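Here's the structure, in structure tokens; my notes come after.
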Amino acid sequence: MDSADALRLFELDNNVVPLSTSDEKVYCYDGRLQRDQLDKRPWRTDPRYYRKVEISSIALVKMVMHARSGGDIEVMGLMLGKVVGQTMVVLDAFALPVEGTETRVNAHHESYEYMVQYLEQCQAAGREEPVIGWYHSHPGYGCWLSGIDVETQMLNQKFQEPFLAVVIDPKRTMSAGKVDLGAFRSFPEGHTAAKSQETDSDGFQSVPLNKIEDFGVHADKYYPLEVGYFKSSLDQRLMERLWRKHWVTTLSQSPLITNGEFTTLKMLELAEKINIFSKDAKRNVSSGQIIRESDAIAEEVSQGYASNMIKRRLFGGT
């Protein structure tokens, strides 16, 4: 499998849809049209007004590569784009030089200066798209918003509407071979909604025990958006160049080795959940959750073995 085949497989796994020539006008930014849409402020009467987010393939790869570069540390960046009806469109993304810990990301004065300079350079180059949201990573513990994330998103929506929050799990992305990404918007203060963030788009969301409480407490303060990916003809050329670099860095790696520690941690976590369930079935752990987590781990390991066998046959390994 060469880099071109790997790129096609990536786009197939993540359902990246190519745009037609007529649809590529999504990249044309009309400031007056945007102001006309935003002046109506539809989110004030409908907290769930924005239902979907479309992310360009270039923005997707840039965010995933940045998230992966952080390792166990959370990283953060901003997204540029616009709105089209009830859809938020992410056209580009850029990383911020921030300090992160395993539980939060903090943006400091230097990062704000960097952000302002970057946006000024974009405008000087003719890029008019405003910041439409922020993204950050959750290495190994899924795509959802913590209490701090919810506070940050609510503050951004209060002063910078429309605004979007995207979360990427780079470890699960590498383990599953498919981008693990979630997009969210928070509800306004005082809004009540049923807790619905217990599952992801596949009907399943695995959260580590030490984060279940934070996950559950704030799950009714935001809602997920449907996520889609697209690419233009220019995206395709840029993707081919980016992908060659990405392919070289991942070609010789075995997912069984690179994800070995993460898989071991998931096994230990699963054993602890089984122990808790056997003692107290009411403590945030269900039998169905345990079964689905064990199935997911088994599937990822089998995919790792299959990947190893393919690379050995292709590249003459032993």
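The values are calculated or read from the model by the stated rules, or taken from the named source; none is laboratory data. These numbers were taken from a predicted model, which means no experiment stands behind them. Cβ: placed from backbone, ideal geometry, glycine included. Neighbour counts: every protein chain shown. Surface accessibility is based on the protein's heavy atoms, side chains included, excluding ligands, DNA and RNA. Shrake-Rupley method; radii C 1.70, N 1.55, O 1.52, S 1.80 Å.
Tabulated data
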quantity	calculated
Conditions (1) under 18 Å from Lys52 (Cβ atoms); (2) modelled with pLDDT under 85; number of the one not met by Lys178	(1)
Pairs with Cβ under 7 Å, 6+ apart, first in region 227-240 and hydrophobic (A, V, I, L, M, F, W, C) and open to solvent by 30 Å² or more (accessible area, probe 1.4 Å), second part of a strand (DSSP E or B) and modelled with pLDDT of 80 or more	Val227/Val53; Val227/Ile55; Val227/Leu181; Val227/Ala183
Test: residue in region 151-162 that is in a helix (DSSP H, G or I), within 14 Å of the chain's Cα centre (by Cα), buried (at least 17 other Cβ atoms within 10 Å of the Cβ) and at pLDDT below 90	no
